[in-house]
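Each value in this text was obtained by applying a stated rule to the coordinates, not by laboratory testing. These numbers come from a predicted model, not from an experiment. Quick reminder, even Gly has a Cβ in these numbers, built from the backbone with ideal geometry, and neighbours come from all protein chains shown.
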Amino acid sequence: MIDVEVDVFDYVYPSVAPIVPEGCFQSMYVPNPPAFPFATLMEMDNQSDARYMSTAPYEEYAVVTYEANVYAMDKIQCREVMNALDTAMTSLNFRRLSMQFVPNLADSTLFRLTARYRAVADANKSIHRG
């Protein structure tokens with residue numbers, strides 16, 4: 001398995017961390033965020049890329065899908081954090097599949113913006129547009 005999750009998070013972190021409170025950018029679901037705005041970035045899917053499969057005894061390419069969630073008290077904050085995250089993801093060669101406001105069922109006073117990204121990672125952990 002080609003695992004680039006830590007590399008992707010570490011690349012995006014410097015873009016998001018300065019505009020959220022300390023500890024408010026995570027790579028896992030947090031049911032009760034410590035402060036707002038709060039953001040998460042997680043790998044949601046990792047599958048072998050059948051277009052490039054060979055007889056090699058290891059995986060050469062994987063299609064990886066990430067989901068980003070931003071929670072904030074208003075739309076402007078939500079968009080500001082997501083813009084920083086989106087800029088970092090697209091500069092890392094990810095293609096945004098979708099971005100939308102979704103109801104935050106746990107607390108309807110919070111705004112939630114969700115985006116999904118996809119790219120192809122190779123065995124050397126390089127990210128390519130997919």
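Taking 0.36 nm per residue of sequence separation and removing the Cα-Cα distance, the His128/Ala56 pair yields an extension gain of 23.9 nm.
Once the Cα atoms are used to define both axes, helix 5-16 deviates from the longest principal axis of the chain by about 40 degrees. Taking the DSSP bridge list for the chain and keeping only pairs wholly inside it, about 95 percent are antiparallel.
Between Val30, Tyr58, Val102, the Cα set farthest toward the positive side of the dipole of the stretch 5-128 (charges on each charged residue's Cβ, about the Cα centre) is that of Val102.
Reported to the nearest whole Å, the Cα centre-to-centre distance from the stretch 39-65 to the stretch 105-130 is 15. Ranking of Glu67, Glu22 by neighbouring Cβ atoms within 10 Å, starting from the fewest: Glu22, Glu67. With respect to the chain, whose longest principal axis is taken over its alpha-carbon atoms, helix 75-91 is tilted by about 20°. One entry in [x] 23, 19, 12; [y] 81, 51, 23; [z] 30, 13, 12 is semi-axes √(5λ) of the Cα gyration tensor in Å calculated from the shown coordinates; its label is [z]. When its C-alpha radius of gyration is set against 2.2 N^0.38 Å (N residues), the stretch 16-62 gives a value of 1.83. Between Tyr117, Tyr58, Tyr66, the Gaussian network model of the chain with springs among Cα atoms under 10 angstrom shows the greatest mean-square fluctuation at Tyr58.
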